[in-house]
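Presented below is the structure to which this report refers.
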Amino acid sequence: MLSDLPTHFASLRSAYARGRSPVDVIADAFDRLDQIGDPGIFLHADRDGALAAARALDLAQDLPLWGIPFAVKDNIDVAGLPTTAACPDFSYVAEADAAAVARLRAAGAICLGKTNLDQFATGLVGTRSPNPVPKNALDPAIVPGGSSSGSAVAVAHGIAAFALGTDTAGSGRVPAALNGIVGLKPTLGAVSARGMVPACRTLDTISVFAATVADAEAAFAVMRGFDARDAYSKPLPPEPAIGTVPAGLRIGVPDADTLETCGDTVQAGAFHATLELLRQQGATIVPMDFSPFYATAQMLYEGAWVAERCAAVGERLTRSPETLHPVTRAILEPGLALTAVDAFRGQYRLAELRRVCEQALAAVDLLCVPTIPCFVTLAEDRDDPIGYNARLGTYTNFVNLLDMAGIAVPTGRRADARPASCTFLAVQGRDGLVAAVAKGVEDRACLPAPRTLSDSAARPVSGARA
């Protein structure tokens, strides 16, 4: 049981309490990266900067993330490092940390560098990069998941204790499911997006990958907060990082007619096993017609929001389209033909769908869905890079359009040994509730121990902190 095992953060803190040095932990992280031998995980591994940050840590360990190594998706600024969004022609060296990165570093976390992604955060497969593609940490035949591919793989391998992704269409959740880790997608505006290259500015959020729910929530707790310099930041009321699960919880799920697993009966079986676990914990499972949510999801790559992605990329689409990945370009170019009338019509249709979804959500406390409907192999992605990508967004594309809070959590292994995962979703501001329910499942599911930097692969303990 995962609840009987130390979390990644806890194991590091325990090692530090025994006298281990942050310098050794950071060195171990890069040694592990070297041993894995995957050049697609990091675009900019900052060994020297991370070791310098470890040496500069104050000896007092009273900071909430003291000595915790993390990685940052390369569409989020880290001072002194390039930000490329996986487009070399776009590259610039960041003059300052993104607001979220600054908060994490002030809390004692140590940045290992910048991770790979689907170019301009457009994709859920993790293969739309001009750089080497990260290998899935569990099965190299499966796509790593995008767009936050490198961040998820870095956490799944135990290189980073947590990592920042971004989430517009599911990029903070799909890679988590494919690599067997936790993916936290906050309420929009809960974490400042200042210093992040946008994909769809009205729908983007920085997300967190971690080995456990508690670790993801610890990072989120440091980053969250109103930022007056971010026009989309929200002054949300304070909420416990992991709230209390209320008695008599009602959880909405896709009914038999609208549960979509693309013919994958093993995936359906794993999801039903999770629902049974929730029933055992006292929840009432409420089957729902998910058609309105699927209709909302389809809007993300139709109409107004494709045009918004064009706005994020800017004049590159018309002045230097050859600098874009071919699939990224194919997805974005239709947005150039859209008009302001199309955009308003899209907003009107979304408002209609949102009202229907709100009525459905009023009958339950939260939703539980499979994080992904099925797995996608690299071969399938090569054969149909747009179609299979769309499948992966079945349960994720509607979430930010409806401004929901969500967290993807591993639920054990499927019958075929692939990782099982579900996602809990609730209306904006209920981040603590979804985390509490996810932790309850995590505590009861049979999960492998998270890989840590303080396990048997670690260096001998140093007598003094550098």
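The values are calculated or read from the model by the stated rules, or taken from the named source; none is laboratory data. As the structure is a prediction and not an experimental result, all values here were calculated from the model. Cβ: placed from backbone, ideal geometry, glycine included. Neighbour counts: every protein chain shown. We work out accessible area using only protein heavy atoms, side chains counted, and drop any ligands, DNA or RNA first. Shrake-Rupley method; radii C 1.70, N 1.55, O 1.52, S 1.80 Å.
Sort through T258, T205, T265 and tell me the only one that's surrounded by fewer than 21 Cβ atoms within 10 Å (Cβ to Cβ) and under 21 Å from L178 (Cα atoms).
Numbers: T258 fails: under 21 Å from L178 (Cα atoms); T205 fails: surrounded by fewer than 21 Cβ atoms within 10 Å (Cβ to Cβ).
None of the other options fit; the residue is T265.
L259 passes all but one of (1) at pLDDT 95 or above; (2) out of contact with any Lys or Arg (no Cβ under 9 Å at 6 or more places or on another chain); (3) not in a loop (DSSP other than H, G, I, E, B); which number fails?
(3)
Against the conditions (1) crowded, with 16+ Cβ neighbours inside 10 Å; (2) at pLDDT below 95; (3) farther than 26 Å from D97 by Cα; (4) of a type outside the set (S, T, Y), where does L236 fall short? Just the number, please.
(3)
Here are A297, A304: which of them is under 14 Å from F398 (Cβ atoms) and either in contact with a Gly (Cβ under 7 Å, 6 or more places away or on another chain) or among the polar types (S, T, N, Q) (or both)?
Values: A304 fails: under 14 Å from F398 (Cβ atoms).
Answer to the selection: A297.
Filter the range 37-54 down to the residues that are aliphatic (A, V, I, L, M) and buried (at least 17 other Cβ atoms within 10 Å of the Cβ) and list them by number. I'd like the intermediate steps shown before the answer.
Here is the first cut: in the range 37-54, the residues aliphatic (A, V, I, L, M) are 41, 43, 45, 50-54.
The answer is I41, L43, A45, A50, L51, A53, A54.
Could you count how many residues in the range 196-216 are part of a helix (DSSP H, G or I) and in contact with an Asp or Glu (Cβ under 7 Å, 6 or more places away or on another chain)?
If we filter the range 196-216 for residues that are part of a helix (DSSP H, G or I), which is where we start, we get 213-216.
In the following step, the residues that additionally are in contact with an Asp or Glu (Cβ under 7 Å, 6 or more places away or on another chain) were identified as 213.
Summing the residues that are part of a helix (DSSP H, G or I) and in contact with an Asp or Glu (Cβ under 7 Å, 6 or more places away or on another chain) in the range 196-216 gives 1.
Out of all the residues in the range 84-101, which are touching a residue at least 60 places away in the same chain (Cβ under 8 Å) and either open to solvent by less than 10 Å² (accessible area, probe 1.4 Å) or more than 21 Å from R329 (Cβ to Cβ) (or both)?
The answer is A85, A86, C87, A94, A96, D97, A98, A99, A100, V101.
So, in the range 401-428, of the ones that are open to solvent by less than 30 Å² (accessible area, probe 1.4 Å), out of contact with any Cys (no Cβ under 7 Å at 6 or more places or on another chain) and among the hydrophobic types (A, V, I, L, M, F, W, C), which residue ends up farthest from T274 (Cα to Cα)?
Per the criteria, the residue is L401.
Of V306, V341, V327, V313, which residue is of a type in the set (V, I, T) and over 17 Å from Q119 (Cα atoms)? It would help to see each step written out before you state the result.
On the way: V306 fails: over 17 Å from Q119 (Cα atoms); V327 fails: over 17 Å from Q119 (Cα atoms); V313 fails: over 17 Å from Q119 (Cα atoms).
Step by step, each of V306, V341, V327, V313 is checked, and only V341 is of a type in the set (V, I, T) and over 17 Å from Q119 (Cα atoms).
Please pick out the residue among A141, A199, A176 that is of a type in the set (G, A, S), under 26 Å from E442 (Cβ atoms) and touching a helix residue (DSSP H, G or I) at 6+ places or on another chain (Cβ under 8 Å). Steps first, answer last, please.
Details: A141 fails: under 26 Å from E442 (Cβ atoms); A199 fails: under 26 Å from E442 (Cβ atoms).
Just one listed residue meets the conditions, A176.
Inspect the range 142-152 for any residue being out of contact with any Cys (no Cβ under 7 Å at 6 or more places or on another chain), in contact (Cβ under 8 Å) with a residue 40 or more places away in the chain and open to solvent by 10 Å² or more (accessible area, probe 1.4 Å) and give the result as yes or no.
No, there is no match, as no residue in the range 142-152 is out of contact with any Cys (no Cβ under 7 Å at 6 or more places or on another chain), in contact (Cβ under 8 Å) with a residue 40 or more places away in the chain and open to solvent by 10 Å² or more (accessible area, probe 1.4 Å).
Go through the range 177-193 and give me each residue that's touching a Ser or Thr at 6+ places or on another chain (Cβ under 6 Å), in a loop (DSSP other than H, G, I, E, B) and touching a residue at least 60 places away in the same chain (Cβ under 8 Å).
P186, L188, S192, listed by residue number.
For the range 287-346, what are the residues that are under 30 Å from P254 (Cα atoms), open to solvent by less than 40 Å² (accessible area, probe 1.4 Å) and outside any helix (DSSP H, G or I)?
M288, F290, G303
Quick grid of which residues meet (1) in contact (Cβ under 8 Å) with a residue 24 or more places away in the chain; (2) closer than 30 Å to R250 by Cβ; (3) among the basic types (K, R); (4) not in a loop (DSSP other than H, G, I, E, B):
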residue	(1), (2), (3), (4)
R349	yes, yes, yes, yes
C368	yes, yes, no, yes
C374	yes, yes, no, no
N397	yes, yes, no, no
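Return the pair list, or none, for Cβ contacts closer than 6 Å from residues in the range 217-236 that are assigned to a strand (DSSP E or B) to residues that are among the aliphatic types (A, V, I, L, M), at least 6 apart or on different chains.
That search, which allows pairs on different chains as well, returns R224/A190; R224/V191.
Under the condition of being open to solvent by 10 Å² or more (accessible area, probe 1.4 Å) and within 22 Å of the chain's Cα centre (by Cα), which residue from the range 7-31 is modelled with the highest pLDDT?
Filtering the range 7-31 for residues that are open to solvent by 10 Å² or more (accessible area, probe 1.4 Å) and within 22 Å of the chain's Cα centre (by Cα), the one modelled with the highest pLDDT comes out as A10.
If you go through the range 67-83, how many residues are open to solvent by less than 10 Å² (accessible area, probe 1.4 Å) and in contact (Cβ under 8 Å) with a residue 40 or more places away in the chain? It would help to see each step written out before you state the result.
Looking only at the range 67-83, we keep the residues that are open to solvent by less than 10 Å² (accessible area, probe 1.4 Å), and these are 67-76, 78, 83.
With the extra rule that they be in contact (Cβ under 8 Å) with a residue 40 or more places away in the chain, the set shrinks to 67-76, 83.
The number of residues fulfilling the criteria is 11.
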